[in-house]
Amino acid sequence: MSVRSRRFVPLAALTLLAGLTVTVVTTEPAVAATPLRTLAAAKGKFIGYAANPTPLANETAYRTIAGSEFNQVTPENALKWDATEPSQGNFTFGQADQVVAFARANNQIVHGHTLVWHSQTPGWVQGLNASAMRIAMQNHIANVVGRYANDPIVQSWDVVNEVFNEDGTLRQSFWFNTLGSGFIADAFRAARAADSDAKLCINDYNVEGVNAKSTAMFNLVQSLKSQGVPIDCVGFQSHLATQFSFPSQVTQNVARFAGLGVQVRFTELDVRMPLPSNDSTRATQNQYYTGIVNACLGSAACSGVTIWGFTDKYSWVPGTFPGQGEALIYDANYNPKAAYTAVNSALGDGTGGDTSPPTAPTNLTASGVTSSSVNLSWGASSDNVGVTGYDVLRNGSTVATVAGTSTTVTGLSASTAYQFAVRAHDAAGNNSANSNTVSVTTLPGGGGGGGCSVAATVQSQWNNGYVLQPITVMNTGSSPITSWTVTFTLPSGHTLVGSPPGWNAVFTASGSTVTAKNMSYNGTLSPFSSTTFGFQAARPDGNTALPSGYACSAS
Ligand code: XIL
């Protein structure tokens, strides 16, 4: 039964029931849900699907849902290189044109996916030498983008896809290996040359939250923009899985890209789960769909969300992730799932997405304070749907997001006062109020307790004086330091010699305490590297005392 006819069953039933006295209890909604596209449009967003041309041509249920629920479409495979230019110079657009025609008939916008990718690209491209490959890339982009450049519904392109490794380095694809990193800017310039007003995007997976890969993408987009390379949008694929955490800090990630002046879009959303599914995995799926939709609704820079298909009947998941599936919002028989309701609610049909924040964490306590770190623990928050993580705030700014209810904050400066608080968030991006605040003053540095160590050597001494050289400062922490401060106690009657005294440090004395700070040229030390300084001092004739109490702190 198609969804459209299923939708009208309750209305027909009401008419029939009007003259009867029986009461029917039904789990069907009494009123048909407002289509996703209507709700999204009211919020100024698109809600899209990845189109498969075969059921689009052959299955009424597929066509009905595709046309009535979505106002945007991305051809799932039809615009990839192996579909559009299977052999050099022979361009084929049959399936792409079919999707575009359906989109036009149903008042949908089209996103072109994808021009330059290491996958689904024919062997003939991969075997070219550098100059031939660059020409082939430019020719491909000119032809594919050019074909739709004057079509007002084809509005955007994934120019490059999946150029990063998980650690943020560039993927060693045949593109990179043959052309170097410059292929990225070249591809964007070629796309702009072919279409003066299309939105040109970079797209990748595992970049929804804040992590090494998304940070690399952020840096690349910033760099491309600073060079005047035409880049307009960033795509977060959003292939999520219930056995993994919801990506952390999605809202913050969207916000930082928005700050670069690019559009953001969630381009390939699906939420797979191990099979067989159960109530728990299905509930998690609903939360994840809600979380992504809310993340888009929460930012004016987000143009919309595309779901990677809509029916489990044609999802790429079972074929790619064996043992997993049920990733989409309609089941294999075209019935809307709870995930559909989650998306529908989040888009705002009046039943409401999850807008309830978790309760504030309680009893934040600090322990194990060192010169550079502190342990924090707190009582767990509760939430109507579920807490998905905690933000650790240092002096009001988030410095970490963690899953559990304790953490060790590192990288602190010695002898410094900090204020810590934590807050909880849920999958929909609702933040709790802050916990109680704890104030922590880190211990002084020195003795290898964190930050830096100091070791002083007496080079020579005589009856009324001595030279301390080298006094070695080492970065004993795990991150670079940019400045260090050594303090020590000068015995009574001793004075520093020279004006200014000493070398390779700036000395100041206050009573018997001497402070030696780095010069401009020797403050920066990577972990386990060291620098030296020294000084000469005078002491009363016959006095054998030497300075003591050396301590080092770093920042
Ligand atoms: C997938 C399609 O869904 C499959 O039908 C095809 O066999 C392989 O590609 N990232 C992308 C998409 O950018 O193009 C991929 O689509 C899924 C991962």
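Derivation of every value follows stated rules applied to the coordinates shown; laboratory data play no part. Given the structure is predicted, the values throughout are model-derived calculations rather than measurements. Ideal geometry is used to build each Cβ from the backbone, glycine not excepted, and the neighbour counts take in all protein chains shown.
Data for the structure
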{"item": "Tail weight of P(r) past 22 Å, computed on alpha-carbon pairs of region 256-374, percent", "result": "48"}
{"item": "Burial ordering of 124, 175, 462, 316, fewest other beta-carbon atoms within 10 Å first", "result": "462, 124, 316, 175"}
{"item": "Square roots of 5 times each gyration tensor eigenvalue, C-alpha, region 425-555, largest first, Å", "result": "38, 16, 12"}
{"item": "Least to most buried among 406, 214 (fewest other Cβ within 10 Å first)", "result": "406, 214"}
{"item": "Per-bin percent of Cα-Cα distances, region 83-138 [10 Å]", "result": "19, 45, 24, 11, 1"}
{"item": "Cα Rg over Rh - region 414-496, Kirkwood", "result": "1.26"}
{"item": "Which listed pairs, of 313/337; 199/313; 45/199; 80/337, have C-alpha distances above 24 Å, in listed order", "result": "199/313; 80/337"}
{"item": "Surrounding net charge for residue 74, when Lys and Arg each add one and Asp and Glu each subtract one, Cβ distance under 9 Å", "result": "-3"}
{"item": "Beta bridges per DSSP with both ends in the chain, % antiparallel, nearest 5", "result": "65"}
{"item": "Net charge of neighbours whose Cβ lies under 10 Å from the Cβ of residue 242, counting Lys and Arg as +1 and Asp and Glu as -1", "result": "+1"}
{"item": "Under 5 Å, built H, 5+ apart or other chain: amide partners of residue 199", "result": "156, 157"}
{"item": "³J(HN,Hα) computed for each position of region 76-90 - Karplus, 6.51 cos²θ - 1.76 cosθ + 1.60, integer Hz, glycine/proline x", "result": "5, 9, 5, 10, 6, 4, 5, 8, 9, 9, x, 10, 4, x, 9"}
{"item": "Fraction of alpha-carbon pairs over 43 Å apart in the chain - percent", "result": "38"}
{"item": "Translational D in µm²/s for region 222-291 (Stokes-Einstein at 25 °C, 0.890 mPa s, Kirkwood Rh from C-alpha pairs)", "result": "177"}
{"item": "CD proxy at 222 nm, helix term only [per DSSP H run n ≥ 4: -39500 (n - 2.57); per residue of the chain; nearest 500]", "result": "-8000 deg cm²/dmol"}
{"item": "Nearby aspartates and glutamates by direct alpha-carbon distance to residue 225 (threshold 15 angstrom, same-chain neighbours under 8 apart not counted)", "result": "186"}
{"item": "Kirkwood hydrodynamic radius (C-alpha pairs) into Stokes-Einstein, region 98-248, 37 °C and 0.692 mPa s, D in µm²/s", "result": "202"}
{"item": "Ratio Rg/Rh, restricted to region 141-205 and using Cα atoms, in which Rh is the Kirkwood radius", "result": "1.02"}
{"item": "Ranked list, fewest to most other Cβ atoms within 10 Å of each Cβ, for 552, 233", "result": "233, 552"}
